[in-house]
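The structure under discussion appears below in the form of structure tokens.
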Amino acid sequence: MVHLPFRGAITALITPFRDGAVDEDAFVALIERQIAAGIHGLVPAGTTGETSTLNHDEHRRVVELCVQTARGRVPVIAGAGSNATAEAIDLARHAKAVGADAVLVVAPYYNRPSQEGLYQHYAAINDAVQIPVITYNVPGRTVVDISNETLERLSKLPNIVGIKDATADLTRISIQRLTCGPEWVLLTGDDPTGLGYIAHGGVGCISVTANVAPESVAAFYNAALARDWDTALYLQDRLIRLHKALFLDASPAPTKFAMAQLGLCSDEVRLPISPCAEAARPVILEAMREAGVI
């Protein structure tokens, strides 16, 4: 396995909408803002990008537009998850064709595969497409949990290079470091536990909060990866209420609300996600002030 430059603050991009359609101009501007802020990578068409309500043409367009806009300045890890293996392969092939650097593939949701089924799902993608694959374990959304034993098996496959771990279980990291090898890419998908994740040996985060506060999130991971723990702790304390506030309602509604306050896009979401709850809005605004965003 070759070491890959997937580390630091990697933004799980929202997909901005206007009048029911993808707002491409806003999306391009968001990407430019992220790169200017020093972010280390981009994930289009993931959970935060509302991929579950994008049609196939929109999904492909969002990935292609992200790759075109990034122009190689930062890695693009394209969302390519599905609960149908054939569809995940198709999305991964498209991501490779348009120049994405890797794909993020969530554990198949709803149909609740066994550990063997999970292994075979990722193995089929590994065999079908020559592109780095980052597994995504988020049992709260998928109802299945990719075990450390299954990840150890997957780490032996040439194209399966790491994990986005959204379990918030920091003990998994040490086991994976021991069993999956030193080149296994350990990314958290849980902003609030980022400091602990890096301290346990992780190398970065696929971050929701980075949509709103990219400079601070990038600075936090720069400090944490440099083992500048005083700076990292200061930034963790400054960001923690924003990390939590962005999940006071179904994601990404709070994030889009926050970004709308900054004039970056509309707060429009697609059903079954509804606009950010009124009760959450003042808490989000206060957290933004505490984080120095407004």
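Every number here is computed from the coordinates shown, using simple stated rules; none is lab data. No experiment lies behind these values; they were computed from the predicted model shown. Every residue, glycine as well, gets a Cβ built from its backbone with ideal geometry; the counts of neighbours run over all protein chains shown.
Okay, here's what the table says:
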| read-out | value |
| --- | --- |
| Test result for residue 274, assigned to a loop (DSSP other than H, G, I, E, B) and surrounded by 15 or more Cβ atoms within 10 Å (Cβ to Cβ) | no |
| Residue ID - nearest to residue 102 (Cα to Cα), chosen from residues in the range 139-183 that are surrounded by fewer than 22 Cβ atoms within 10 Å (Cβ to Cβ) and in contact (Cβ under 8 Å) with a residue 40 or more places away in the chain | 158 |
| Qualifying positions in the range 222-248 - in a loop (DSSP other than H, G, I, E, B) and surrounded by fewer than 22 Cβ atoms within 10 Å (Cβ to Cβ) | 226, 227, 228, 247, 248 |
| Residues satisfying the stated conditions in the range 31-49, i.e. under 22 Å from residue 274 (Cβ atoms) and either surrounded by fewer than 24 Cβ atoms within 10 Å (Cβ to Cβ) or in contact with a Gly (Cβ under 7 Å, 6 or more places away or on another chain) (or both) | 45, 46, 47, 49 |
| Residues of the range 103-125 that turn out to be under 13 Å from residue 80 (Cβ atoms) and surrounded by fewer than 20 Cβ atoms within 10 Å (Cβ to Cβ), as a count | 1 |
| Helices (runs of 4 or more DSSP H) wholly inside the range 1-107 containing at least 3 residues that are within 21 Å of residue 215 (Cα to Cα) | 24-36, 56-70 |
| Any pair with Cβ under 9 angstrom, 6 or more apart, that starts in the range 222-250 at a residue that is polar (S, T, N, Q) and ends at one that is not in a helix (DSSP H, G or I) | 222/8; 222/9; 222/38; 222/40; 222/228 |
| The range 159-175: number of residues that are touching a helix residue (DSSP H, G or I) at 6+ places or on another chain (Cβ under 7 Å) and closer than 24 Å to residue 42 by Cα | 8 |
